[in-house]
Structure formats: C-alpha cells, structure tokens
1. Return the Rg/Rh ratio of the chain with Cα-based radii and a Kirkwood Rh.
2. For helix 88-105, report the angle its Cα long axis makes with the longest principal axis of the Cα atoms of the chain; keep it between 0 and 90° and round to the nearest 10°.
3. Taking the highest mean first, how do the peptides 199-205, 137-143 order by number of other beta carbon atoms within 10 angstrom per residue?
4. Under 5 Å between amide H atoms, partner at least 5 residues away or on a different chain: which partners does ILE110 have, H built in plane at 1.01 Å?
5. Let me spell out the model: positive unit charges on the Cβ of Lys and Arg, negative unit charges on the Cβ of Asp and Glu, origin at the Cα centre of the chain. What dipole size does that give, in debye rounded to 20?
6. Students sometimes get this wrong: rank THR160, THR18, THR318 by accessible area, probe 1.4 Å, all chains present, largest first.
7. Just the number, please: carbon plus sulfur as a percent of the accessible area of the range 199-350, 1.4 Å probe, no ligands or DNA/RNA counted.
8. Note down the accessible area of VAL147, probe 1.4 Å, to the nearest 10 Å².
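The values are calculated or read from the model by the stated rules, or taken from the named source; none is laboratory data. It should be emphasised that the depicted structure is a prediction, and the values quoted were computed from it without experimental measurement. Positions of Cβ are generated from backbone atoms using ideal geometry, with glycine treated the same way; all protein chains shown enter the neighbour counts. Note: areas computed on protein heavy atoms with side chains; ligands, DNA, RNA excluded. Shrake-Rupley method; radii C 1.70, N 1.55, O 1.52, S 1.80 Å.
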Amino acid sequence: MPEKKVNILAIESSCDETSAAICRDGEILSNIIAGQKVHEQYGGVVPELASRAHMQNIIPVVHKACRDAGIALPEIDAIAFTQSPGLIGSLLVGAQFAKSLSLSLQKPLIAVHHMQAHVLANLISEPRPSFPFLCLTVSGGHTQIVVCESPLKMKVIGETIDDAAGEAFDKAAKLMGLPYPGGPLVDKYAQTGNPERFLFPEPQISDLNFSFSGVKTAFLYFLRNAGKSTVYKPEQTASEEEQEAFIRDNLPDICASIQHRIISILINKLKKAAVLTGIREVCIAGGVSANSGLRQAIRETGEKNHWNTYIPEFQYCTDNAGMIAITGYYKYLNKEFSDLSVISSARSEW
Ligand code: KG4
Ligand code: ZN
C-alpha cells in the first residue's frame, strides 16, 4: 500500500500580503498571494487597513489555494501559519483563522517564524543548497546573515543596526517622489542607468552587522543639493524646482547608483561571512532578493569566490505562504506542533 502523503495548508498574513499555500510532502502545489493596493496612496503600509484587507481576503485566498492544488479541506493534515514577526493586527487575522480551522478539522497547528521561512524558501525547488549554508535575508523589515545548519537549526550572525535593506530602497524611492513600495521601481529605473555615476558612502562597520542610515542621510542631502554633494552644505541647497528637475533628468543614473551602493554593502558583508565561517553554499532570501542587481551580483560574486549560489523563484522571494508551508512541513516531520493558546508576536526574536 502506498504511504500516506502529508498535506499542509499554510497561511501568511504578517504584513500587507494575504497568502495561502498547499504543500504535499515538501512539494508546493499552490501558492496564492493577494496584495493590498490600498496602501499605495499613503506611501507605506497602514496597519489598520492591512488587518481589514486580510479579513476580506483570507477566505477566498484559502479556497483558491485548495482548489488549485486539487485538495479538499478534510484532506489537510496540519495547518501552518505565521506567528511572528510582523504587524500584530495582520498576524492575528491569520492566526485566528488557522486556529479555527485546526479546531474544526481536528488537525494540528504549526506556528512558523516568518524570517526562518524566508530562509527555507531556498529549499522549495531544485537546485537546493546543502547544509550548512549561509543565507542573506533581505526584506522590508529585516537584513540578516544566517547560518542554517539544518532546516530547523539556524543562527543569526549579522543583522542591521538601523534600517533594513528594503527600507533603504523604499525610503530612497520616496525621497525621489516614487510611490510605495519603491524598491521594485528603483530596480526598474536602475536597469538603464550608470551605477558608477554618483558615489554614496559605505558605512565603516567592522563586524557582520549592517547599517543603512548613513547612506539614507547622504542620499537625502544629495537630492537637496541637486547632486552637488552627499554632505550637508546649506549654501548648496537647491530650490524645489531644481531638485525636481535634477531627479527627472537623471532618474536612471540616480537609481542605479543608490542601488549599487546598497548591493555593495550587502555583498561585502556576505563575503566576509563566507570567509569567517568557511561556508561556500550561499543563498539569498526575502523581498529584496527579487532585485535584479542583487541577483546578478550574488551570481557574479559566487563565480569569483567559488561559491554555489541559490536564489528562490520570484514568487517565493517576497512574502508568500509557500515558504510557510515548506517550514511547516519540516516542523510536521519533527512533530513541532503548537496548541491553541499559542500567541502571535510582532517581535522578531527567534
Ligand atoms: O519580504 P518582503 O516581501 O516583506 C517583508 O517581510 O518585509 O519584502 C518587502 C521589501 C520592500 O521593502 C520592497 O520594496 C522590497 O522588498 N523589494 C524590492 C524589490 N522587490 C521587493 N527591493 C528592491 N528591488 C526589488 N525588485
Ligand atoms: Zn517577509
């Protein structure tokens, strides 16, 4: 008799994407993501609106995930959900939904850490890294270098001391008047720009931690001075019209140059981590791993340094339930279940 397959339903609702996925024995059968356009007009995610949109989206998204996978709810063996970190109101919508389903189907509940799931997105499809591997996880709220020793054993060896890489992209875009989230737009304009035209400072931090606040401030002054310098010189401040004209006339070069600096900060730390740990299996994960410049830089750096590099498929880079499902699957094999009293948390401690 063939062995019974394990079907996991996963829910992700930590920020502004409502997502559901089905995984069978570690293979993702469906991964449905509903974005929330409502935040664009506010220039950032509005927590209250995000929670409401999750309430509207969650049932249709789960239905579609089941339908696309050809799975009926009674065939589900466990329900995985994002427990932390994220916006608490958003997390609670997914958590309460998962708990209700677990109770009504009488199936186990699996609580998943969102950042651990971003890392494990690298295990979803071939080629998969072998253990131990390094992962640079870069999202809107986090920037971390993680050593992953086995699917459920990870250690953070470096992280940002101020802004996250995605935040640096989004803030730079906002200063240029681009809509939220600006990261993908900076990426798009950068493709036809000259990354060496404008030089932004690299922070001098000797350990494996990151800092993006200095680059952000330099970028602010650079725009205020209409490109004359990256330091504060009140006498150089350009008029609003001059600033706007400077951005309009040089957008691709400005985007390419700021993207180039953000990427070089990330890659230099990753190189350092590889030397210190001696690990040559290197992955990237998180929303910023969708950036075409970073994807190219990691491949080129990997070739030069004899690393094997891995990048998740596009749909598994930004927030998605597929990564929650694969993490849920490993936790299922390990029998790491939660009871209904498990509490959601906005905080990012592992
Ligand atoms: O992982 P994610 O979807 O959500 C969080 O957990 O934060 O990451 C979202 C971040 C945003 O800051 C967004 O601007 C950035 O990822 N991002 C990008 C690109 N696509 C998404 N940044 C640069 N280039 C991209 N192509
Ligand atoms: Zn994320």
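1. Numbers: Rg = 21.1 Å, Rh = 21.0 Å.
Here Rg/Rh amounts to 1.00.
2. Computed tilt is about 20 degrees.
3. Numbers: 199-205: 13.3, 137-143: 25.0.
The densest-packed peptide leads the list: 137-143, 199-205.
4. The answer is ILE79, ALA80, PHE81, SER338.
5. On the way: 32 positive and 37 negative charges, 102 e Å.
Roughly 480 debye, rounded to the nearest 20.
6. Numbers: THR160 30, THR18 0, THR318 60 Å².
So the residues, ranked largest to smallest area, are THR318, THR160, THR18.
7. On the way: 3740 of 7450 Å².
Accessible surface attributable to carbon and sulfur in the range 199-350 totals 50 percent.
8. VAL147 has an accessible surface of roughly 20 Å² with all protein chains in place.
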